[in-house]
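Have a look at the structure below, then the notes.
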Amino acid sequence: MAKTKQKTCIQYAMHYLSRYPKTEWEMGLKLLEKWYPEEEIAESMEYLKTNNYLDDKHFADAYIYSEVIKKWKPLQSVKAKLYSKHIREEALEEVIEENESDIAKGMQQWIIKQIDKRKKRGEDPVEIIQKLQRQWYHFNLIKKTIEDRAAWLLD
């Protein structure tokens, strides 16, 4: 009888994962909400991890690629979101280190887009920088982007 319940727990986990990727924490929480016994949840989680269905590092990598590199969101806000999903700090820092140059390029593209858009509106450059900082962009990145853009425009 325990075998069929275990299979049911794994089946539900696989169904839940089929919608979109989850973190280990999200999966464990969902299985607890469904009232599966803790030992079955542990066995199911182990099965999912050993077969690479659940991998927090891979989740963080895909999430950062989607949100920071492709959608140009600030890294700090994405990190906060991943911390809320209980991604381990070591895994997150490793992913950020591996994708450092792509992350910087994505954020710089967003900064350039925002500067151009706000300049067309006639906003003051200092005000533009302050708004970007309030959007979680570091001043050093904003400054480097402006310097790179100025050098490119002068060439």
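The values are calculated or read from the model by the stated rules, or taken from the named source; none is laboratory data. Predicted model, so just to flag it, every value in this text is computed and none were measured. FYI the Cβ positions are ideal-geometry reconstructions off the backbone, even for glycines, and counts take in every protein chain you see.
Assorted remarks:
- Taken together, the residues in the stretch 67-87 that are among the basic types (Lys, Arg) and closer than 15 Å to residue 108 by Cα amount to 3.
- Boolean, residue 146 is more than 12 Å from the chain's Cα centre (by Cα), β-branched (Val, Ile, Thr) and assigned to a helix (DSSP H, G or I): yes
- Matching residues in the stretch 64-95 - criterion: being under 22 Å from residue 49 (Cα atoms) and in contact (Cβ under 8 Å) with a residue 24 or more places away in the chain: 64, 65, 85, 86, 87, 88, 91, 92, 94, 95
- Test: residue in the stretch 45-61 that is in a helix (DSSP H, G or I), closer than 26 Å to residue 139 by Cα and modelled with pLDDT of 90 or more: yes
- Hey, residue 82 in contact with a helix residue (DSSP H, G or I) (Cβ under 8 Å, 6 or more places away or on another chain) and closer than 18 Å to residue 22 by Cα or not: yes
- Hey, residue 118 surrounded by fewer than 11 Cβ atoms within 10 Å (Cβ to Cβ) and either at pLDDT 80 or above or within 22 Å of residue 65 (Cα to Cα) (or both) or not: no
- Among (1) in a helix (DSSP H, G or I); (2) under 27 Å from residue 19 (Cβ atoms), the one test that residue 87 misses: (1)
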